[in-house]
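The structure appears right after this line, and notes come after that.
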């Protein structure tokens with residue numbers, strides 16, 4: 001009986017449209033296809049906006065994580081203001097590089113004081129490994145260093161020059177550390193290297209505040225630049241969200257118009273159709289029943305789908321609402337029928353709980369009572 005009812009509910013509809021409306025049907029089909037394509041594109045953009053705010057939320061919730069919203073520059077090139085951000089970043093880097101060059105020039109005075117010391121002569125040129133017969137030198141020392149090499153790299157213009165004063169400091173330390181590592185701690189060269197290293201560290205400590213000040217400034221500039229870029233991205237995604245909302249609303253209105261057109265082309269629902277629809281409503285599961293009542297409420301503001309007791313008058317519903325209910329009920333019952341067939345095909349069906357059965361029974365009883373009351377009222381009017 002239920003299977004037959006499903007067939008009765010869904011055999012007509014759009015298929016009952018007159019033959020001379022074939023062109024209209026084709027046009028509606030094309031419009032629906034276009035809408036599906038547009039919705040897919042909108043969904044991709046919605047996912048992009050959602051992912052942006054999800055990442056932003058994660059970054060803001062982690063105090064230890066440094067903000068870096070512009071790691072993937074390919075994804076933000078389309079954002080208005082990104083080009084200006086790049087230009088500002090280039091100017092900022094150029095200014096910072098110029099300041100660092102000045103700091104390294106000032107650091108040259110520290111190097112002169114060390115290199116002019118009377119004990120600096122062994123460290124001015126590369127170690128003459130072959131001349132001194134130091135056959136194991138490269139086995140002990142991984143990276144030789146001397147002051148002439150440092151000077152040449154400071155003056156280089158081919159991209160190999162030092163970019164930061166701390167790199168020069170590391171190489172100066174390496175000169176003395178290599179000497180102390182290769183030469184015995186009782187040798188003169190070892191003692192000379194140790195003394196000069198101590199003097200260098202003293203002068204470096206005096207010079208360090210300038211370096212720290214520059215590092216702090218660069219950090220603040222970088223943080224401000226990242227914050228500005230974050231604001232640009234947030235503004236762009238906020239605008240994108242607004243545009244998406246408008247486009248989704250327009251697509252929804254377009255689809256609503258197409259639905260109304262389809263309903264208008266359908267024949268009017270007969271008394272028998274309405275009776276079958278009322279019976280079919282009582283066969284829905286609680287979740288589908290709630291969805292069906294929501295369909296009624298969409299075009300009937302006075303109908304409260306969530307009320308404890310509902311009074312559903314099938315005859316009082318518009319043709320649009322009736323056809324929507326008909327299509328929905330057909331799909332819902334066919335879906336459950338398919339699930340039941342799969343359950344008989346060696347798939348384990350999910351058994352409803354006592355609570356679910358109670359809710360379903362109560363809700364179905366409410367609908368049946370409402371339909372019965374409506375039929376009774378209609379019979380009384382006919383008798384009078």
Original post:
Out of curiosity, is residue 333 part of a loop (DSSP other than H, G, I, E, B), modelled with pLDDT of 70 or more and crowded, with 17+ Cβ neighbours inside 10 Å?
Top reply: no
Subject >> Selection status of residue 45, at pLDDT 70 or above, surrounded by fewer than 14 Cβ atoms within 10 Å (Cβ to Cβ) and in a helix (DSSP H, G or I) >> reply: no
Subject >> Among (1) at pLDDT below 90; (2) in a helix (DSSP H, G or I); (3) loosely packed, with under 13 Cβ neighbours inside 10 Å, the one test that residue 234 misses >> reply: (3)
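Inside segment 99-202, counting only helices (runs of 4 or more DSSP H) that do not spill past its ends, which hold 3 or more residues that are surrounded by fewer than 13 Cβ atoms within 10 Å (Cβ to Cβ) and on the phi > 0 side of the Ramachandran plot? Spell out the reasoning first.
Working: elements: 137-140, 147-155, 165-182.
By residue number, no helices (runs of 4 or more DSSP H) qualify.
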Subject >> Residue ID - farthest from the chain's Cα centre (by Cα), chosen from residues in segment 211-234 that are farther than 24 Å from residue 167 by Cβ and free of Cβ contacts under 8 Å to residues at least 12 places away in the same chain >> reply: 224
Subject >> Candidates 274, 291, filtered to the one that is modelled with pLDDT of 75 or more, in a helix (DSSP H, G or I), within 27 Å of residue 258 (Cα to Cα) and within 39 Å of the chain's Cα centre (by Cα) >> reply: 291
Original post:
in a helix (DSSP H, G or I) and either on the phi > 0 side of the Ramachandran plot or within 32 Å of the chain's Cα centre (by Cα) (or both): does that describe residue 208?
Top reply: no
Original post:
So which residues in segment 294-314 are at pLDDT 75 or above and either more than 23 Å from residue 259 (Cα to Cα) or in contact with a helix residue (DSSP H, G or I) (Cβ under 7 Å, 6 or more places away or on another chain) (or both), if there are any at all?
Top reply: 295, 296, 312, 313, 314
**OP:** Would you check if residue 201 is closer than 28 Å to residue 106 by Cα and within 48 Å of the chain's Cα centre (by Cα)?
**Re:** no
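The values are calculated or read from the model by the stated rules, or taken from the named source; none is laboratory data. Values in this document were obtained by computation on a predicted structure and should not be read as measured data. We place every Cβ from the backbone using ideal geometry, glycine too, and count neighbours over all the protein chains shown.
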